[in-house]
Each structure stands twice: as C-alpha cells, then as structure tokens.
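Here, each number is a calculation from the coordinates, and none is a lab measurement. For clarity, every value in this text was computed on a predicted model and none was experimentally measured. All Cβ positions, even for glycine, are placed from backbone atoms using ideal geometry, and neighbour counts span all protein chains on display.
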Amino acid sequence: MIKIKLSFLLLLIPSLSLAQDPIFQPEGLVQLGIYTWAIPDNDVGGVPNAGIVVGEDATLVIDPGLGRENGEIILEVATALSDNTQFYIVSTHYHPEHTTGYLAFPDSTIYINSVTQENEFASDGERMIDFFAGRTPVMGELLADAERRMADITFADDYQLDLGGARVDMRLVGPTHTAGDTGFFVVEDGVLFTGDVVMNRSFVAAGENSSISAWLSAFDIFEAMQPRIIVPAHGEIGPGSLIEFQRTLVTGIKNRTENLKAEGFSLEDTAEIVSAEFQGLFPEYPRARGIAALARSAWHEAE
C-alpha cells in the first residue's frame with residue numbers, strides 16, 4: 001500500500017555529500033503518476049534519474065544508482081513510500097551508475113534483467129566498475145565493494161511485472177547506447193523510463209557498437225506505448241513528444257550521412273561533416289560525440 005513520509009525524506013538531507021558528488025538527492029523526489037516516483041539526477045554526473053514504482057503488493061526500483069550508499073538512499077525512500085515488503089530492481093543498462101546500488105538491497109529483493117544485459121555485465125561489468133571508480137576519489141569510494149549481482153529472473157526480449165494495480169512493461173531495444181538497453185513503461189501512469197535511448201535537450205549517447213536502425217526501431221517501439229512522460233537516463237524529465245523530436249534528429253543524421261556517402265565521401269569524412277553540421281544546429285546540446293558514431297553506423301548500414 002502506498003504511503004508518504006515526507007518528514008522522513010527530510011531527515012536524509014543532512015547526510016548528503018556536496019552537490020556535485022554522485023549521490024542521490026532525495027529531497028528532489030517527484031511524483032509522476034499514481035504509482036510512479038522519480039529522484040532526478042539534478043545534472044550531476046554519475047547519477048541517474050532513478051524510478052520508484054509502488055504497487056499495492058510490491059515496489060520496483062529502476063536504476064538504483066552508483067554503489068551501496070546510493071542504493072541505501074533509494075531503498076530508504078522506497079520503503080518510506082509504501083508498506084510493501086517485496087521489492088524488485090531493474091536497470092536500463094549495465095553501466096555501474098544504473099546497477100551497483102543493488103548492493104544495498106536485501107536478498108529477498110528480486111532482480112530482473114534481460115539475458116543480453118546479463119551477458120554484458122559478465123563480459124564488461126568489472127571493467128566498467130573499474131573505469132567509473134577511477135574517475136574521482138568519491139566514485140572510487142562508492143564502488144569500493146562493487147561486484148556483480150546475478151539476476152533472479154531473466155528474459156529475452158520483453159517481460160511484464162504486475163506490482164498490484166500497476167503493471168510495468170519491460171522491453172529490450174538495443175543495440176543502441178548499449179546492446180542491453182531496456183525501457184520500462186508504467187502502463188497505468190503512462191510513464192516511460194528510456195535510459196539513454198531517448199534524451200531531453202541532448203544528442204543521444206551513441207557509441208561504436210550502436211546501430212542507427214536499431215535506434216529508430218526503438219523510437220517506434222516506445223512511441224507505440226503512447227507515453228505521457230519520458231524519464232531519460234540523465235537530464236531533465238520531459239513529455240512523450242521527446243520521442244518524435246529525437247526521431248527527427250536521428251533521421252536527419254541518417255539521411256545526411258546517406259547523401260554524403262552517395263556523393264563519394266569516405267566514412268571518416270562523412271562522420272566529421274555530419275558531426276560539425278549537427279553540432280552547429282544545437283551547439284548547447286551535450287553528448288555531441290554520439291553524432292559521429294551514429295553517422296558511422298548509418299554509413300555502414302546504407303545500401
């Protein structure tokens with residue numbers, strides 16, 4: 001059953017580190033629907049937009065943060081919001097700021113993950129933990145005891161979780177930002193957690209293993225859900241119309257790349273030209289390095 005203890009949340013504030021430390025700031029908790037809550041990242045690196053979905057029977061935490069300390073914070077907030085004793089955790093992708101907060105959750109918590117994301121963590125999770133731990137001393141401390149937590153339930157492409165009154169549809173959409181990118185749609189509230197697949201006032205976070213056709217397909221899948229609210233992995237929470245805007249942007253990169261290739265431009269020249277042109281259109285947008293990665297994918301995938 002849902003309950004709210006705002007006085008409890010205020011007790012957490014004095015224990016927070018400096019604003020730029022990658023620590024959840026629970027005083028920013030926002031309610032997005034009857035069942036859905038989010039702790040925004042406040043544009044702090046290493047912090048995700050985390051979700052809490054409170055049903056009548058169980059509670060789901062989406063992207064439990066970087067390391068045990070963040071996991072403890074979001075678990076306390078989730079516990080304050082409901083009387084539920086059954087918890088589930090999921091992650092939009094395998095990077096440590098979206099996963100390793102699971103260290104704080106008891107053994108009774110059920111961890112759900114796609115097979116693809118499980119394989120990514122098995123092959124690359126330790127390296128990513130080491131990479132993030134080396135970014136700053138604070139990140140190193142937060143990840144000091146980080147290790148893999150095996151999923152209790154795995155799925156291939158999609159999975160539905162009934163929390164009691166609230167259903168969460170899970171859908172694998174990679175290879176986009178990562179191969180295991182997964183969206184989480186709270187059906188009754190119309191809230192979609194998109195990870196790095198749909199961003200707000202930002203280029204998408206593409207990499208060398210991204211597929212532009214998979215990214216456009218992901219937009220189709222998400223748009224068919226008809227979300228009211230988009231919660232990206234990082235940055236400002238926004239309306240469902242973000243999907244169409246990002247589709248227009250990515251389609252523009254695809255079309256421009258195909259035209260340049262048809263004119264005889266090389267792979268790297270095409271990536272450089274497209275990157276410069278689109279950065280010029282939106283000079284204030286972060287993650288601009290993803291433009292070149294999308295252009296390379298579009299160049300390879302073009303007939």
Query raised in the report: Where the convex hull is taken over the Cα atoms of the chain, what is its projected area averaged over directions, in nm²?
Result: 14.9 nm²
Query raised in the report: Can you give the convex hull volume per residue for the Cα atoms of the range 178-239, as a whole number of Å³?
Result: 74 Å³
Requested in this report: As a check on your grasp of the helix formula, calculate [θ] at 222 nm for the chain: sum -39500 (n - 2.57) over DSSP H runs of n ≥ 4, divide by the residue count, round to the nearest 500.
Outcome: -10500 deg cm²/dmol
Query raised in the report: Among A122, Y35, I110, which residue has its Cα positioned farthest towards the positive end of the charge dipole of the chain, with +1 placed on the Cβ of Lys and Arg, -1 on the Cβ of Asp and Glu, and the dipole taken about the Cα centre?
Result: Y35
Query raised in the report: Under a no-solvent Debye model with one identical scatterer per Cα of the range 187-303, what's log10 I(q)/I(0) at q = 0.11, 0.20 Å⁻¹?
Result: -0.35, -1.02
**Report entry** Overall dimensions of the range 21-163 as given by Cα atoms, namely Rg and Dmax in Å
**Finding:** 14.3, 41
Query raised in the report: Any idea what the relative contact order of the range 200-245 is, in percent, if you count C-alpha pairs under 8 Å spaced at least 6 apart?
Result: 39 percent
Report summary line: Amide H contacts under 5 Å for A206, restricted to residues at least 5 apart in sequence or on another chain and with H modeled in the peptide plane, are G290
Query - Charge context of Q246, other residues only, Cβ under 15 angstrom, K/R +1, D/E -1 - result: -2
Report summary line: Treating only Lys and Arg (+1) and Asp and Glu (-1) as charged, each at its beta carbon, one finds that the chain has a dipole about its Cα centre, in Debye to the nearest 20, of 400 debye
Report summary line: Given a Förster distance of 22 Å, the FRET efficiency implied by the Cβ-Cβ spacing of E223 and N255, rounded to the nearest 0.05, works out to 0.70
Requested in this report: State log₁₀ I(q)/I(0) for the range 67-114 at q = 0.13, 0.18, 0.29 Å⁻¹ as given by the Debye formula over alpha-carbon point scatterers of equal weight, solvent excluded.
Outcome: -0.27, -0.52, -1.21
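What translational diffusion coefficient, to the nearest whole µm²/s, does the range 33-88 have by Stokes-Einstein, given a Kirkwood radius computed over alpha-carbon pairs, a temperature of 4 °C and 1.567 mPa s viscosity?
Numbers: Rh = 11.5 Å.
Approximately 113 µm²/s, per Stokes-Einstein.
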**Report entry** Share antiparallel - DSSP beta bridges, the range 87-201, percent rounded to 5
**Finding:** 70 percent
Requested in this report: For the range 164-303, build the charge dipole from Cβ charges (+1 Lys, Arg; -1 Asp, Glu) around the Cα centre, then report which of T248, A295, G183 sits farthest towards its positive end.
Outcome: G183
Requested in this report: Starting at the first residue of the range 234-248, write each ³J(HN,Hα) from the Karplus equation 6.51 cos²θ - 1.76 cosθ + 1.60 with θ = phi - 60°, in whole Hz, x for Gly and Pro.
Outcome: 9, x, 5, 5, x, x, x, 5, 4, 4, 5, 5, 5, 4, 4
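Using 0.36 nm times the number of residues separating E272 and I153, minus their current alpha carbon distance, what extension gain do you get?
38.6 nm
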Report task. Could you please state, rounded to a whole Å, how far the C-alpha centre of the range 102-157 is from the C-alpha centre of the range 260-302? Result -> 32 Å
**Report entry** Karplus 3J(HN,Hα) series, Hz, for the range 169-178 with 6.51 cos²θ - 1.76 cosθ + 1.60 (x for Gly, Pro)
**Finding:** 8, 10, 9, 6, 10, x, x, 10, 4, 9
Requested in this report: Determine, from the Cβ-Cβ distance of D107 and E188 and an R0 of 35 Å, the FRET efficiency 1/(1 + (r/R0)^6), rounded to the nearest 0.05.
Outcome: 0.75
Query - Ranked by how many other beta carbons lie within 10 Å on average, peptides 287-293, 230-236, 200-206 from highest - result: 230-236, 200-206, 287-293
Report summary line: For the range 103-114, in residue order, the Karplus 3J(HN,Hα) values (coefficients 6.51, -1.76, 1.60; θ = phi - 60°; whole Hz; Gly and Pro = x) are 4, 7, 8, x, 4, 6, 5, 9, 9, 10, 8, 6
